[in-house]
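For reference, the structure discussed in these notes is given below.
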Amino acid sequence: MPPPPPPKPGGGGGGGDLIALGSDQPSIVRLDTKEAFQWRVRNLPYPKEVYEITADEEKNQAVIRTTNKKYFKRLDVPDLNRLGLKVEAAGLSFAHANRTLVVSLKKPQRILELEAEARADRKSMKVSKEGDTDCKQQ
């Protein structure tokens, strides 16, 4: 009698398929630009008129909701919380195309200044080429 086949990845009984997020479920990715914090919410099929983007001053978050009550999400901005700054409704904007909602929050001047300083510091650092290190062999 031949030995039984090895178990399939994913364990458990059933069909042996791995558990995966549905391809039609919304997913959020944060991609910042120089001037704004930006979130991309993929797989949102509703028209642009359905979305409402607001600032929750009490919890210091941006809030995405639909008028048809099909989607609701709170977006934290740890960069602002770290400096004790507030999410301003005037800085929020959004666009919708190809089932993707792009929410942008304009960066406050203080954050732009800090990022400019960090860029200048990185630019002034001495970068050594590979092999330039002085490693003593033991």
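The values are calculated or read from the model by the stated rules, or taken from the named source; none is laboratory data. Note that this is a predicted model, so its numbers are computed, not measured. Side chains included, ligands, DNA and RNA excluded: accessible areas come from the protein's heavy atoms. Shrake-Rupley method; radii C 1.70, N 1.55, O 1.52, S 1.80 Å.
Remarks
- For the range 15-107, the solvent-accessible area works out to 63 Å² per residue, with a probe of 1.4 Å and every protein chain left in place.
- Shape of the range 45-87, Cα gyration tensor, a/c cut at 1.5: prolate
- Count of Lys pairs (Cα-Cα under 27 Å; at least 8 positions apart or interchain) in the range 40-125: 23
- For the range 79-118, with all protein chains in place and a probe radius of 1.4 Å, 52% of the accessible heavy-atom surface sits on carbon or sulfur.
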